[in-house]
Each structure stands twice: as structure tokens, then as C-alpha cells.
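Have a look at the structure below, then the notes.
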Amino acid sequence: MKYFSALLLLSSILIFGQATPDPDKAILRGFVTDSTNGEAVIYANVIIKGTSIGATTNTSGYYIITSVPRGKQTIIYSMMGFNPKEVQVDLPAGKITQIDIKLSPTSYTTQTLTIFGEKTIEANATDLGLEKITAQEIKLLPKGVEADILRTLQYSSGVSTTGDVTARYFVRGSDNEQNVVLLNGATIYNPFHALGIFSVVDPEIASALEFHKGGFSAEHGGRLSSVLDIITKDGNKNHFAGSVNASLLSGKAAIEGPIPGGSFLLTGRKSYFTETLNKFMNNKTAPFDFYDYTFKINYSNPEIIENSKFVFHLFGSQDDLKNNDPLKEDYSLSNRVLGLNWYQVWASPIFSEFTFSLSTFDAAVTPNFSKAKDRKNAVTDFTSKWNFTYIFDSRDELGVGLQTMVFNSTLDQENLRGSRTKIEGNGVSMNLFVKYKFLRFEDFGLDLGARIIMTTITQNRAGFIEPRIKTTYRLNNWLTFKASFGKYSQEITTLVDENDLLSIFEPWIVIPEYLTTPEAYHYIAGFKITPMSGVVLELEGYYKDIRNLTDFNDRKFTAEDPDLIQLNGESYGFEADLVMQSDMFYFKAGYSLGWAFKFKDGGKYAPRYDTRHSLSTILGFNPGDGWNIYMTWNFSTGRPYTPLGGYMDRFSINDFYSQWLVLGQYDPKSLYGAVNSERFPVYHRMDIGISKALVIFFMTCTVDFSIINVYDRQNIFYFDDKTGERVDMLPFLPSLSLKVQL
């Protein structure tokens, strides 16, 4: 409690203790919203005309600019997809002036195709490794049955996957469980539908994504590799609206509208034609049934608390795999999230965000009369975050926060001998973070921060302090150097065999007390090149030192031997991202060259997701009148796999008393070569899509037609270890969807 008291004391000083303002400067702040529905306009640019002074709105649509010259100024508000607006204002010295602006979107007949919502006007922004993605980018990609948030990430350099049939992603040579997916700040422990083929979060509800590929600053923790924060829409504040959407996989509906002091949003999605998934499963039956829902209410009342916003949100997802065969096992997985967020802009130049969330995950395997074993996993996570940001007149920023997680997990399972075992883990993790951003210099930025680990869930902590450093230096008008360093730790992990091509049951556990908490060190450096308007080239190199990873003990022979052991790993590589855009044209290309290794038993091997060369391209064209045309092409060198050396007839006796006279029976056993010592052939695939939006009476209808694997490339997925048969990924697959908005 003493740490919490210290944080409250510090926040009280910042809130009620006014810093002495510069008598010759003014402070400008406010909110930017969409004039048609009241939604926050995220990543909008706000700039003082004739100067280089400006800011970008955050995920609440809030902006603040300090050290603005006093007197009459013209403020330019702009965001791609919206009509820019200029406002003339007389700014008094030494005071805060608030201007809230509503931007009107361009009509769909003239809307530009530009999808990167953010064009950073702060030349000294310390944003290395951060990719900001608007909802427009998700819509731009060919659907592949339907749009998907997590599959969108696979078009980013440094992000790899193990095949077309999965939305699981691996960032810069790290395992999937080292990524965290947040929904309005709350953790989703199983973000996948149907064997990981799709995301549980409907992209229709997303307002923006913030994807930290590495080197994330002190306010984020709990994972070794990456952070994906999904910010959902608030709902229409001006009038009631609804939409329905149908694809060859699922149907979904949404309703939104105003309430006194705010708005609401309710969405739901349900699978109804799962035969479509057979294409993802090599034409095998996939008896999946899934649904998800979202409910959100936001409320603000200046008469109660000025410049405040309260958000209450619910989320749930359910996946069931029922084989309707007593000789086969069934699976069930569910997520539930309950959250309350309070965003506040105080009288001083302070912005705070308080988040309270309850997230649960439940998974079960029901064996029926199959050879599978009964298993159950339950996770409960109650998290609170108290974050404050203070903006100085010099434009420097001070961020402090206290983040607490009360965590409990239970893994109840039956072993091969029929006995039940239970693995339980619980505790309280309390972290204090502090960071200071030096932004006072126009061409130089520095973010110094640290997470102080006060209490942990695990017994053997990796350390007490996790330092984080990010810096930016603009060499000239078109060339900027950026670098970062950070230490990260992770107290929970999943129990998944890396050799499993598709995994349904992925239980979460706390790192056992006989193991040390996994940790990673990120080293990243790169350049941002802007040779002309509309063209951005980013080059980054990285190295990750990963320690104390958990792995199954292949040499467990007795009950006293541990189930898990630890090993180390490393990954390093180079990435290049090129974006070219104009009013009607968009092109993005991402190339990565990477190496990933794990060290075990005195040797090293490449994990399945190790990809040496990878290239992803997106090409979009908007001719107007509601048309959008887009194409993607992906190329990568082959993934590693463990070759099959042959078979051996293994003599087995299942029932000694009935089989000893007939000498039992022989079962074939596969013999493998060195782990991941071979690689598959190169992978490449082209997808295309075309959409048309039109107004029919009072409805806006959007028809989207796309084709996956246009030239029907046969990309290998795996070799069947029983038959040696080659199994390929997705074939030529057309898809059609219809969306109707009221």
C-alpha cells in the first residue's frame, strides 16, 4: 500500500499543483471528433499554421500543444479520409485554451484510399517499433472469407506465420504466447476462433490498432515480444444506426446510437456455414461452432466532471468443436471480459487513464470414448491500471502509473495412467512504471523509463527493475535515426508442443516455482526516410536475447523428474517498410530478413516459425464512385520442419493376459531426423479483391468479392507422419460478402 499511497501523492501534486506557465506562451488542447457520429478521430494532425508546432490526437481523440506563440493563430486540423478544417483563434499567454473540433468525412464516392491514419508531425516522436493501423487498413485487405484483425498483422514486416490456416502470428522470432492482445486495455487470453483460423474480435468494432513489434516503453509489460492494443468504436452519438453483414462463414449484426451523455454499441457474430472451413482443413470436416459479442457504453457529462469520459464494455466469445461421434473428443473454449475505463483531462496539462478489467478464459477437452484425456483450464485475471501523463511547457512529458494484476490459473487433467493432476498458480503482480520523455528539442527526442517490479506471481523473479530507453534524432528534413533498448519479463506461459501443427487446447499456467521467470532483452535501431510527400521508407535492425523459456522435458523418466525445463533463444534480423500513397493510390511493401534459434542440449535449432526471407505487398486503387480495388502478394522462403526418416514396427501388448500367447501386436512408429533440419519449398500467393459501395434508398450497401490464391499455387503445409502424404495450404478460393448499413 505504501507504493499506492506514493502514487496518489504524486498524482495529487501534479493535478492540483499548477506549474508556472511561460508568460509568453499559450497552451492549446481539445478533442477531435467525427461530425457524423461523434466518434473520436484517432491520429488526426493538429498543427499551428506557418510553424512546425503540432500534435497528433491519441486514441481518445485528445490533443495538447504547449509552448504555442500567443496571439492570433490559425490551427489546421486534418485526417486522411476527412475534410481538413482551419480555425482562427486568439490564444492568451499563460493560459490553457480548449478547442473541440468536428471533422466531416469525405463521401464514399470521393474518399481517398489512404489507410495509414497517422502522419507523424512530431519529428522527434519516440515511436520506433510502433505501427498504428486504422480500421481502413483492415478493410483494404482481401477478405479470405471475411476481414480479420490478426491476419492483418501478417502483412507487417517481422511478423511470420506457420501457414494459411492460422491467424497465429510470431513477431521477430518469438513464440506466439509471448504476444499479448488487449481489448480497450483488457487482456484476451485466447484471441482465436476455430483452431486459430480467425480472430475472436470482429474487425467491424475496431477503431484503431496499436501494434508494438518490440522495444515498447515502460507503460507496457507482462510479455516478452509484442503488444497489440485494439481500441473499439464508441457508437454513434448523433442518431441510431444499424448494420448486418453476411459472408460464406458467419453472419453479424450491430446496433448503435445515442444515450443521455454518451452512446452505446452492441454487436454480435455467429458462424452458420462452417463447411467453408473445410478449405482451411484440407477438405476435412471441421465441425466448429463459434460466436462473439461486444457491448460498450461511453458516458461524459461536463456538469459532473469536465473533460471526462467513462467507458463500460463487455466482450465474450465461445468456440465449440463437437464431432457428434462418441469415439472422438470434443472441445470448448470461451473468453469473457468486463471492463471500466475512466479517461480524464485535468485543469492542469495532465491526462489520466484508469482501467479496471476482469478477464476470464475457460477451456475443456471432453474425451467421450476416445483415447484423449480429460483436461480443463481456467484463468481469472483482475487488472487495474492507474496511468498519468503530465505535459510541461517545454513539451516534455512525465508518465507515471501503477498496474496491479490479481491472477489465478488452474490446469486439471488426467494423465496417461488415468490419474488426475492439478497445477494451480495464483498471486498478485504489482508494477510501478515511470518514464520521462524529452521532447523540448525539435530534432531530438528521448524516452527514459523503467518498470519497478514490486510483487510477482512467480517465485523466482528475473529482476527488480526493467529499464526502457527509446531515442530519435532527425539528421535532416528527410532522414531520422531511431533506437531503443528494453528488458522484459513474463510470468505466465502456455503448454503447447511446438511440433503440433494445429493446437486447440493451449492451457495457461504460472511459471512453476522450480523455474526462473522468462526474460528478454530488445536491441533495435533504424532509420526513417521521407524523400518526398506521400513516400516513407523505414529501415530497422533488431537483436533479441531471450532467456529462461519453458519447454517440455523430453527426458522425463521418473515421477521425480520435472515436467518442464528451461532453454534460451535469440533472434535477429533486418526489416524494410515502404509506403507510397496519393489520393487514389496506395502501395505498401514490407521485407524482412531474420534468424531465430533456440538452444537445447548443447545444440541449437530453428523453431517452426523461423523464416529467412519474407516479402509482403499491398496495392490499392480507388477510382471513385464507391469502388475499391486491391491486391496482395506474399513471398517467403520455406519454414523448417523435422524430416521423417522411416518407420519401425514396435511390438506392444495392450492386454498381457489375452495377448501373450499370440505375441501381442506390431504398431508402426515414426522415426524422425534432426529437429527442424530441413525446409519446405518457397511460399508465394496472390490475393485480389474488389468492393462497391452504393446507396439504395436509406441503406448503404457494400458488396465485396475476393479471391485467395488467384493462380492456385500449391504451397505445402506439412507431410503426414503416418502416410508421408503431402498436405497443401489453401487452394484457389473465391469469397463474397454483403454489408448493409441503415
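Every number here is computed from the coordinates shown, using simple stated rules; none is lab data. These numbers were taken from a predicted model, which means no experiment stands behind them. Methodologically, a virtual Cβ is constructed for each residue, glycine included, from the backbone with ideal geometry; neighbour enumeration extends over all protein chains shown.
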**OP:** Report the one residue of F680, S636, G54 whose Cα lies farthest in the direction of the positive end of the charge dipole of the chain (charges on C-beta: Lys and Arg +1, Asp and Glu -1; origin at the Cα centre).
**Re:** G54
**OP:** Find the centroid of the Cα atoms in region 543-571 and in region 597-632, then give the distance between the two in whole Å.
**Re:** 28
Original post:
For K233, what charge total do you get from the other residues with a beta carbon under 13 Å from its beta carbon, if Lys and Arg give +1 and Asp and Glu give -1?
Top reply: -4
**OP:** Take R420, R29 and order them by how many other Cβ atoms sit within 10 Å, fewest up front.
**Re:** R420, R29
**OP:** Only helical DSSP H runs with n ≥ 4 go in: add -39500 (n - 2.57) per run for the chain, normalise by residue count and round the 222 nm mean residue ellipticity to 500 deg cm²/dmol.
**Re:** -1000 deg cm²/dmol
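For region 336-397, what does the relative contact order come out to in percent, with C-alpha contacts under 8 Å and a separation of six or more?
Averaging sequence separation for qualifying contacts and normalising by length gives 33 percent for region 336-397.
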Subject >> Length-normalised contact order for region 197-270 - Cα pairs under 8 Å, 6+ apart - percent >> reply: 24
Original post:
With the contact rule set at Cα under 8 Å and sequence spacing of 6 or more, what percent relative contact order holds for the chain?
Top reply: 11
Original post:
Once Lys and Arg get +1 and Asp and Glu get -1 on their Cβ, which of F433, T421, T456 lies farthest toward the positive end of the dipole of region 414-466?
Top reply: T421
Original post:
One-quarter of the Cα convex hull surface for region 209-278, in nm²?
Top reply: 7.9
**OP:** Could you give the C-alpha radius of gyration of region 130-228 expressed as a fraction of 2.2 N^0.38 Å, taking N as the number of residues it contains?
**Re:** 0.99
**OP:** For region 223-247 and region 719-742, compute the distance between their C-alpha centroids and round to whole Å.
**Re:** 26
**OP:** Go through T355, A372, N408 and say which Cα lies farthest out towards the positive end of the charge dipole of region 337-452; charges sit on Cβ, +1 for Lys and Arg, -1 for Asp and Glu.
**Re:** A372
**OP:** First select every other residue whose beta carbon is under 12 angstrom from the beta carbon of I457; then total the charges, Lys and Arg +1, Asp and Glu -1.
**Re:** -3
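DSSP beta bridges in region 162-255, what fraction antiparallel, as a percent rounded to 5? Display every interim value, and only then the final one.
Values: 16 of 21 bridges.
The antiparallel proportion sits near 75 percent.
How big is the dipole moment of the chain about its Cα centre under a simple scheme where the beta carbon of each Lys and Arg is +1, that of each Asp and Glu is -1, and everything else is neutral? Debye, nearest 20, please.
With only Lys, Arg, Asp and Glu charged at Cβ, the dipole is about 880 debye.
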Original post:
Convex hull over the Cα atoms of the chain, averaged projected area in nm²?
Top reply: 32.9
Original post:
Hey, what angle do you get for helix 2-16 against the long axis of the chain, alpha-carbon based, 0 to 90 degrees rounded to 10?
Top reply: 30
Original post:
Under a Cβ-Cβ cut-off of 9 Å, what is the net charge of the residues other than R685 that fall near it, where Lys and Arg count +1 and Asp and Glu count -1?
Top reply: -1
Subject >> Residue pairs, from the table K385/K422; K270/K692; K72/K95; K132/K482; K213/K252, whose Cα atoms sit over 19 Å apart >> reply: K385/K422; K270/K692; K213/K252
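Pull out the extension gain between F587 and T380, defined as 0.36 nm times the separation in residues minus the alpha carbon to alpha carbon distance; nm, one decimal.
Working: separation 207, 0.36 × 207 = 74.52 nm, distance 4.27 nm.
Difference between extended and current length: 70.3 nm.
Going by average Cβ density within 10 Å per residue, which order do the peptides 184-194, 372-382 take, highest to lowest? Numbers along the way, then the final one.
Numbers: 184-194: 22.8, 372-382: 18.3.
The densest-packed peptide leads the list: 184-194, 372-382.
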